[in-house]
Amino acid sequence: RTGLSRTISVESIAPKFTSLFKRKRKREDDSSHSTPAGSASESEEEEPSKKRRLIKTKEQIEFEANEIKLDEALPEELRKFRPNGYKFNIPPKDRPIRIYADGVFDLFHLGHMKQLEQAKKSFENVELVCGIPSDLETHKRKGLTVLTDQQRIDTLKHCRWVDEVIPNAPWCVTTDFLLEHRIDYVAHDDLPYASTDSDDIYKPIKEMGMFLTTQRTEGISTSDIITKIIRDYDKYLMRNFARGATRKELNVSWLKKNELEFKKHINDFRSYWKKNQTNLNNVSKDLYFEVREYMRGKKFDVQSFLDNNSSASLNSDSEDLHSRASSPLTDFASKYIGNANKELNGKSLFANVKEWM
């Protein structure tokens, strides 16, 4: 038996792969030389973006390095009080620490209480001092308030966390004010508080290391409370009218008061309708039986019929019906009225007419 054997050696394959790689490299070189302008423009566009990213990353790295350096200079328990990007002074240990918290404190609410509690509990021995600007300063800087400055001062005096209240406090805390009242720290949340004169009125305090950061209570503020009252304005007017308030006290016109009374009657009727809808359905059913019996020329005891205790009365009614003078009309009608035809007692008027048709 004869056979053919074929062997593949590396020497026979190597020249073919070499020529293939050379052709591929040549095509790549030709394509790169054919578009030099396009590649140059793309590289020029990429370079500025890389530079911008490098600049931004460099600033971020420097900021993070500075934050680490500032944190390392403080004990771990004090780092939470330090504002971002600024230093924080070490508190004194040989005397009470005086912390100042200023604000309008209009419609004193839970957010105010939690802020003052944080300031009071920040250290072991704290004297919490609160400052309230005058009505003139507040109305000029922030707008109308609900309570007067004296009412707001009296409210703060009855807060358990407050040790001292300073009336007519400045809108922007100054160095002279801090020295006069021996203030060690100013407590507020870390968000920038802008005014007409500055982007952040607490920036000088932060630079001196005297700013103590507190956490803001989300979801509640004086503006939110006022917004809720304005949104439900008519409801609160009706509430106060129901409690005996007059139009003059509420600054409401005669037309507005009558409009609210009309709305109240509509709402009362709607509530009554929803509450008594089932009863009205039962009444309509009773009325149907009454009208049907009235059309027959005879009164009908609806209550006894609905209680299923009227077997005797129904028998008497049927006897009375048969005792009438018979006529073609009564004979025809007796087939389609309830008492004469027991099968129709549980059917409605429309069902009876439909069956007759």
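The values are calculated or read from the model by the stated rules, or taken from the named source; none is laboratory data. Nothing here was measured: the structure is a model prediction, and the numbers come from that model. All Cβ positions, glycine included, derive from the backbone under ideal geometry; neighbour counts span all protein chains shown.
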**OP:** Give the number of residues within the stretch 88-123 that are among the hydrophobic types (A, V, I, L, M, F, W, C), assigned by TED's automatic domain parsing to the domain that holds Gly143 and out of contact with any strand residue (DSSP E or B) (no Cβ under 9 Å at 6 or more places or on another chain).
**Re:** 4
Subject >> Residue within the stretch 162-173 that is within 34 Å of the chain's Cα centre (by Cα), of a type outside the set (Ser, Thr, Tyr) and under 13 Å from Glu127 (Cα atoms) present >> reply: yes
Original post:
Which one of these is in a loop (DSSP other than H, G, I, E, B) and crowded, with 16+ Cβ neighbours inside 10 Å: Leu78, Leu116, Leu74, Leu70?
Top reply: Leu74
Subject >> Criterion (among the hydroxyl-bearing types (Ser, Thr, Tyr) and closer than 27 Å to Pro83 by Cα) met by exactly one of Thr196, Thr155, Thr145 >> reply: Thr196
Original post:
Name the residues in the stretch 94-124 that are closer than 13 Å to Gln215 by Cβ, under 23 Å from the mean Cα position of the chain (by Cα) and charged (D, E, K, R), would you?
Top reply: Lys114
Original post:
Given the conditions (1) of a type in the set (Val, Ile, Thr); (2) over 19 Å from Gln118 (Cβ atoms); (3) surrounded by 14 or more Cβ atoms within 10 Å (Cβ to Cβ), and given that Thr196 satisfies all but one, which numbered condition is not satisfied?
Top reply: (3)
Subject >> Members of the stretch 240-271 found to be outside any helix (DSSP H, G or I) and on the phi < 0 side of the Ramachandran plot, listed by number >> reply: Arg243, Ala245, Thr246, Val252, Ser253
Subject >> Filter pass, Glu127 being of a type in the set (Asp, Glu), surrounded by 17 or more Cβ atoms within 10 Å (Cβ to Cβ) and more than 34 Å from the chain's Cα centre (by Cα) >> reply: yes
**OP:** Six or more apart or on different chains, Cβ under 9 Å: which pairs go from a residue in the stretch 157-177 that's at positive phi to one that's assigned to a loop (DSSP other than H, G, I, E, B)? Could you list them?
**Re:** Asn168/Pro133; Asn168/Ser134
